[in-house]
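Down below is the structure, laid out as structure tokens.
The values are calculated or read from the model by the stated rules, or taken from the named source; none is laboratory data. Note that the structure is predicted; figures quoted are calculated from it, not measured. Every residue, glycine as well, gets a Cβ built from its backbone with ideal geometry; the counts of neighbours run over all protein chains shown. In case anyone asks, the SASA skips ligands and DNA or RNA and just uses the protein heavy atoms, side chains included. Shrake-Rupley method; radii C 1.70, N 1.55, O 1.52, S 1.80 Å.
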Amino acid sequence: ANGYYYSRWIKCIWSSHDLSDMVLIDNYIFNKDVHIQFNSTVGEYVGYTEHGVYNARNWNSNPGQLQQERAELERVCKPNAEIDQSTITDKS
């Protein structure tokens, strides 16, 4: 398709049952390239393009936005991981 392609992919990644190693990765994608990423281990936005660096700098200077993004690990990832793990455990 002609035009621009924009998407956002949020991933929750973990490998242990206690979820202590869980990481939230929030990718902002433009034309199939990640231009900004939030990684809960880093705790702030990182830009990968000129425009992404500019936006990451602005977003990192907003404490409310950073606090909300950091809270997504507890709000979204961990409850859903617990549901997934209980479903898998109940089946085995």
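In table form, for the structure just shown:
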item: Total residues in segment 9-33, condition modelled with pLDDT of 95 or more and either more than 25 Å from E82 (Cα to Cα) or outside any strand (DSSP E or B) (or both); result: 2
item: Segment 22-59: number of residues that are touching a Phe, Trp or Tyr at 6+ places or on another chain (Cβ under 6 Å), under 21 Å from R75 (Cβ atoms) and either open to solvent by 40 Å² or more (accessible area, probe 1.4 Å) or touching a residue at least 40 places away in the same chain (Cβ under 8 Å) (or both); result: 3
item: Residues within segment 1-21 that are of a type in the set (A, V, I, L, M) and without any contact (Cβ under 8 Å) to a residue 24 or more places away in the chain, tallied; result: 2
